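What follows draws every value from the coordinates through simple rules; no lab data is involved. Since this is a predicted model, take the numbers as computed values, not measurements. As a convention, Cβ positions derive from the backbone with ideal geometry for all residues, glycine included, and neighbour counts pool all protein chains shown.
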Amino acid sequence: MGLGGESGENENGTAETKSNQPRGSIGQEDSSDERLSRQPSEASCYATEEEEEEARLQLGPKCSIKEHLEKDKDDESLRRWKEQLLGGVDVNSVGETLEPDVKILSLTILCPGRPDIVLQIPEDGDPKGVWFTLKEGTHYHLRFSIKVSNNIVSGLRYTNTVWKTGLKVDSSKEMLGTFSPQPEPYIHEMPEETTPSGYFARGSYAAKSRFVDDDNKCYLEINYTFGIQKEWVE
């Protein structure tokens, strides 16, 4: 969802955009007669998907949690690190499963002074109609509820791509971390961002959000639409 940044209109009626944070943002369209001063988005620092695939590290074979604990068990410092990572995992309950089971239970948009917007994930991953609408210039951050079972998921990250009127206007990526299995969901909150503002920022957007790990395994892909309006929709 990554909606950071502010935009307005200059005296010629064209849109000007200024980024408040280095991370990507939704709905930013830049056109100005003068040289743009906006900092490059975080997405521009990443390779394309094809380059990333080629450069991706070749990870070793997967191990079950029991195998992880058995390895290097004579190394006291490494053993303590593994115990800290795994926490109170019941080895007997997860058994010898190699593949982690990761479920994104919900996404929540938190805006100061407003009720939380809890977005339930449809079974097919694609919400119907407009999934949510935000007011322009709103400070907000995202909160994810993530359930991990069976095995450790390494390098889970969140990616988001946004289009407006068929044109790609933003792409961003955020590393969430490595998570071990546990009965309760993990709650992960993203840094605060700001929705853009101004005439050209308003309207409907199409977006795709994905949750992938170090093996490039995708646990959830959501294709959705959202809106930015001048005022809150009550």
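Tell me, in nm to one decimal, what length is gained between Ala206 and Glu184 on full extension, where the rule is 0.36 nm per residue of separation less the Cα-Cα distance?
4.7 nm
Could you work out how much longer the chain between Asn216 and Ile117 gets when fully extended? Use 0.36 nm per residue separation minus the Cα distance between them, nm to one decimal. Could you put the intermediate results ahead of the total?
Numbers: separation 99, 0.36 × 99 = 35.64 nm, distance 2.91 nm.
Stretched fully, the Asn216-Ile117 segment lengthens by 32.7 nm.
Gain in length, Lys168 to Tyr199, computed as 0.36 nm per residue apart minus the alpha-carbon separation, to one decimal in nm?
Working: separation 31, 0.36 × 31 = 11.16 nm, distance 1.84 nm.
Length gained between Lys168 and Tyr199: 9.3 nm.
Could you sort 213-222, 133-142 so that the peptide with the highest average Cβ count within 10 Å comes first and the rest follow in order?
In descending order of packing, they fall as 133-142, 213-222.
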